[in-house]
Amino acid sequence: MLASAASFAGNLKFSSFIGNNMVLQQSTQVRIWGFANPGASVSVSATWLSSPVSGKADSNGRWEVMLRTPAASFTPQTVKARSGGETVTASNVLIGEVWLCSGQSNMDMRLFGGYGTPVEGSLQEIAQSGKYKGVRHFDVQKAQALTPADDAAGEWKECNPANSPAFSAVGYFFATRLSEILNVPVGIINASWGGSVIEAWMSEGLLKDCPDVDLANASDSKVNAMYKPMIMYNAMFRPASQYSIAGILWFQGESNISISYLEYADRLTSMAELWRQDIGRGDIPFLIVELTPYDYYDGPYGYQDEHGPIVREQQFMASQRIPNAAIVGTNDLTYPYEQKQIHASQKRQIGERLCYMALLKN
């Protein structure tokens, strides 16, 4: 349904990414988009603009305009779209820094914990999270698509004890520390899926020349979604890529320990290039999280103990090939008793290291 804008035709709507409580990237051109009747004229105004900007819905009902944003501010703003007699409004909008978080379960793991593991220090963080008035989180709901989608389900949430437990833990610690240091609002878009292989986040065009990837698996209901090629790229990343962001945080690779692990650097490099092309803001920072220590076992895919170091090496190689990229280390962030738990509890340190690297790179 999300793959076709026709699902939204008939009434004026913003994209799910454009709404109350959002953070827009500061001092740049940001895309505001949505859906209306095919051919309808749409006028978009914002409280910081002196005059509205006009656009027109295409034959599928999708419209977009580009708005110039001011410098970061904690002052709430409003964005309105009008078409005929219809009006839609996004309120409590802040201007600041916006980052995309993506990967598998260690990125998707929530501040309240999960997967049999707590997040160290989370109770104090949740209780005090209301002090981060400028931090906002958008959780892209999990979805599959065989072709690139125009939208994805989700909504922006303010940072407070009611909402913060469901934030990506790594994303929360990154955003709150960055907001404190820069004294600006920070928005996080979390598009992650536990267990997903990197091939799920790559396009059909990138995968068609990979002999070990069967694109037919994307539409095979018998194949677990986390192993399906391209479906998350189409359904989750592509819609998110339309939003103007400052950089990307990538925490993935555990599921490629036994799947195409020798090709991982090549695929991550190609994926990063494609993602930046889709986002259209040049070589924005691409920050990689090193796989945390884990005792990989002799499981159904064969002996894997030596594959962990190989994938870490592949991650480092990718960080050297991708322009304006970096990798943050995690080898010291697993307690001895967590060596058989792939979801280590020290997410604060990972988020903080990503924050410091972002300050260096951005």
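What the table shows:
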quantity: Residue ID - farthest from GLY282 (Cα to Cα), chosen from residues in the range 5-22 that are open to solvent by 50 Å² or more (accessible area, probe 1.4 Å) and at pLDDT below 95; calculated: ASN11
quantity: Complete set of residues in the range 126-148 that are out of contact with any strand residue (DSSP E or B) (no Cβ under 9 Å at 6 or more places or on another chain) and open to solvent by 40 Å² or more (accessible area, probe 1.4 Å); calculated: ALA127, GLN128, LYS131, GLN141, GLN144, LEU146, THR147, PRO148
quantity: Scope the range 23-63; condition among the β-branched types (Val, Ile, Thr), touching a strand residue (DSSP E or B) at 6+ places or on another chain (Cβ under 6 Å) and surrounded by fewer than 18 Cβ atoms within 10 Å (Cβ to Cβ); matching residues; calculated: THR47, VAL53
quantity: Qualifying position, being at pLDDT below 95 and open to solvent by less than 20 Å² (accessible area, probe 1.4 Å), among ILE257, ILE279, ILE245; calculated: ILE257
quantity: Those residues of the range 196-219 which are assigned to a loop (DSSP other than H, G, I, E, B) and either modelled with pLDDT under 95 or more than 19 Å from the chain's Cα centre (by Cα) (or both), in sequence order; calculated: LYS208, ASP209, CYS210, PRO211, ASP212, VAL213, ASP214
quantity: Residue in the range 175-195 that is touching a Gly at 6+ places or on another chain (Cβ under 9 Å), at positive phi, part of a loop (DSSP other than H, G, I, E, B) and open to solvent by 40 Å² or more (accessible area, probe 1.4 Å) present; calculated: yes
quantity: Verdict on ASN217 being in contact with a helix residue (DSSP H, G or I) (Cβ under 9 Å, 6 or more places away or on another chain) and open to solvent by less than 10 Å² (accessible area, probe 1.4 Å); calculated: no
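Here's the yes/no breakdown for (1) modelled with pLDDT under 95; (2) open to solvent by 40 Å² or more (accessible area, probe 1.4 Å):
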{"residue": "LEU287", "(1), (2)": "no, no"}
{"residue": "TYR296", "(1), (2)": "yes, no"}
{"residue": "GLN315", "(1), (2)": "no, no"}
{"residue": "ARG321", "(1), (2)": "no, yes"}
{"residue": "ALA326", "(1), (2)": "no, no"}
{"residue": "TYR337", "(1), (2)": "yes, yes"}
{"residue": "HIS343", "(1), (2)": "yes, no"}
{"residue": "ILE350", "(1), (2)": "no, no"}
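The values are calculated or read from the model by the stated rules, or taken from the named source; none is laboratory data. All figures in this text were calculated on a predicted structure; none of them were measured in a lab. So basically every Cβ, Gly included, is an ideal-geometry build from the backbone, and we count neighbours across all protein chains shown. Surface areas here come from the heavy atoms of the whole protein model, side chains and all, with no ligands, DNA or RNA. Shrake-Rupley method; radii C 1.70, N 1.55, O 1.52, S 1.80 Å.
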